[in-house]
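Inspection log for the structure reproduced underneath, given as structure tokens.
The values are calculated or read from the model by the stated rules, or taken from the named source; none is laboratory data. What you are looking at is a predicted structure, and each value in this text was computed from that prediction instead of being measured. Cβ placement follows ideal geometry from the backbone for every residue including glycine, while neighbour counts extend to all protein chains displayed.
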Amino acid sequence: MRKKELALQIIERLKKAYPDTGCTLDYDDAWKLLVSVRLAAQCTDARVNVVVQDLYKEYPDVAALAAADVEDIERIVKPCGLGHSKARDISACMKILQEKYQGRVPEDFDALLALPGVGRKSANLIMGDVFGKPAVVTDTHCIRLVNRMGLVDGIKEPKKVEMALWKLIPPEESNDFCHRLVDHGREICTARTAPYCGKCCLNDICKKVGVDEKKIK
């Protein structure tokens, strides 16, 4: 089966398995997702969702957060880990939003990449979830799963995986596809335990299952 055909089959099966997919970071404004994505590095979304409640009580908008001392931000976000670097990036990012974009998040991929602490993964998430544009978010779940499934072959560098997936995934499916990979990676195709291949909706077309079966024989 060619990779493009495989990709389309995977998309349709994951749609049925996870019809109500979406970002698991809580936000009601674009700048809040920007903050949460930075805090989510090496931290669970669940913890981030708790920590930001205290952050937004004290700093309810971009202007307030831009004016805050880095040390005060760090005090609140410390439970997310890497508190100083995250607080520093959040502060610098909010200052740029306030001074250059009138407190708004720019609807431009390159402009997002230029913000402190924003990489391709974060920029794609903002473009897809906030602005409804095609987006390929290559987080750890995405990279692990597309290698196991056979959509890419031994590629671990996020940007290279992203570029490969742009060639395989229809643009209109890209954002939800990546969210469904997260759902599937948490529930079935896990990282810290052996994947639950017997319960997987892709087990008859997944490269990993085929390889494992050959090993058994």
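Structural remarks
- The single condition from (1) of a type outside the set (A, V, I, L, M, F, W, C); (2) within 24 Å of Lys16 (Cβ to Cβ); (3) buried (at least 18 other Cβ atoms within 10 Å of the Cβ) that Glu162 fails is (2).
- Whenever a residue of the range 17-43 is assigned by TED's automatic domain parsing to the domain that holds Ala114 and on the phi > 0 side of the Ramachandran plot, its partners that are part of a loop (DSSP other than H, G, I, E, B) and surrounded by fewer than 19 Cβ atoms within 10 Å (Cβ to Cβ), lying with C-beta atoms within less than 8 angstrom and at least six residues away or across chains, give the pairs Gln42/Gly81; Gln42/Leu82.
- Any hit, the range 126-141, residues being assigned to a helix (DSSP H, G or I), surrounded by fewer than 20 Cβ atoms within 10 Å (Cβ to Cβ) and either among the hydroxyl-bearing types (Ser, Thr, Tyr) or free of Cβ contacts under 8 Å to residues at least 40 places away in the same chain (or both): yes
- Residues (more than 23 Å from Leu145 (Cβ to Cβ) and not basic (Lys, Arg)) located in the range 1-32: Asp26, Tyr27, Asp28, Asp29, Ala30, Trp31
- If you check Arg2, Arg38, Arg13 for being out of contact with any strand residue (DSSP E or B) (no Cβ under 8 Å at 6 or more places or on another chain) and under 24 Å from Leu112 (Cβ atoms), only one passes: Arg38.
- Here Ala7, Ala87, Ala68 are screened, and the one residue that is out of contact with any Lys or Arg (no Cβ under 7 Å at 6 or more places or on another chain), crowded, with 16+ Cβ neighbours inside 10 Å and under 22 Å from Leu165 (Cβ atoms) is Ala7.
- Restricting the range 110-125 to residues that are of a type outside the set (Lys, Arg), crowded, with 16+ Cβ neighbours inside 10 Å and touching a helix residue (DSSP H, G or I) at 6+ places or on another chain (Cβ under 7 Å), the residue that is nearest to Cys178 (Cα to Cα): Leu125
- Residue check for Arg148: outside any loop (DSSP other than H, G, I, E, B) and either surrounded by fewer than 19 Cβ atoms within 10 Å (Cβ to Cβ) or among the hydroxyl-bearing types (Ser, Thr, Tyr) (or both): no
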